[in-house]
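Computed from the coordinates by the stated procedures, all read-outs in this text should not be read as laboratory data. On a predicted model such as this, the values are computed, not experimentally measured, just so you know. Here the Cβ positions follow ideal geometry from the backbone for every residue, glycine too, while neighbour counts run over all protein chains shown.
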Amino acid sequence: MIGAWSLESSRALAVLGRSPRVTAAVFTGAELESLLREPFNPLACAVHWTVKEATLRALALPPRLWSRWRDVRVEGSGSRPRVRLHGEVAAYAAARGVRRVDVTVRHQDSRLIATVVAGGGAARAVRMMPSFPGAVRGESR
């Protein structure tokens, strides 16, 4: 299962900055503590939100789980962050045989693009055509 999400980082930061309710709905306390640690990197907040959205789409969740951002925990904020599933999202994924979630994040200027592959076994490399300069090509098996 594949999911992707694109987000303008400045827009995400504006929403998170003016709406504590949205911030509390998207991030757990531990995630916020990690993201707000010095030195603060505002891009990391946008990366985490983008990865969460792409993960929820990759899992093809039913509507009742569409906004369960806090059940998707993101660790790291580079081009290969790690995802851990919790709660109802983890139960839904496990029931469908998902044992692995692989993530890649690319950005150009202030646009972020997260791609998530959720599946059952070992990860397979997937050929990706670059959509902008700096995208990475993998070899398919």
Positions within the range 33-57 being more than 16 Å from Arg106 (Cα to Cα) and under 15 Å from the mean Cα position of the chain (by Cα), in sequence order: Leu35, Leu56, Arg57
Kindly indicate which of Arg11, Arg68, Arg37 is without any contact (Cβ under 8 Å) to a residue 40 or more places away in the chain, of a type in the set (D, E, K, R) and under 27 Å from Gly97 (Cβ atoms). Arg68
Please find, among Trp49, Trp66, the residue that is surrounded by fewer than 13 Cβ atoms within 10 Å (Cβ to Cβ) and closer than 25 Å to Gly120 by Cα. Trp66
Can we say Gly17 is over 21 Å from Arg106 (Cα atoms) and surrounded by fewer than 12 Cβ atoms within 10 Å (Cβ to Cβ)? no
Tally, over the range 86-108, of residues that are touching a helix residue (DSSP H, G or I) at 6+ places or on another chain (Cβ under 7 Å) and aliphatic (A, V, I, L, M): 5
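Each row is one residue, and each column tells you yes or no for (1) surrounded by 21 or more Cβ atoms within 10 Å (Cβ to Cβ); (2) of a type in the set (Ser, Thr, Tyr); (3) touching a His at 6+ places or on another chain (Cβ under 9 Å).
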residue: Ser9; (1), (2), (3): no, yes, yes
residue: Tyr92; (1), (2), (3): no, yes, no
residue: Arg96; (1), (2), (3): no, no, no
residue: Arg100; (1), (2), (3): no, no, no
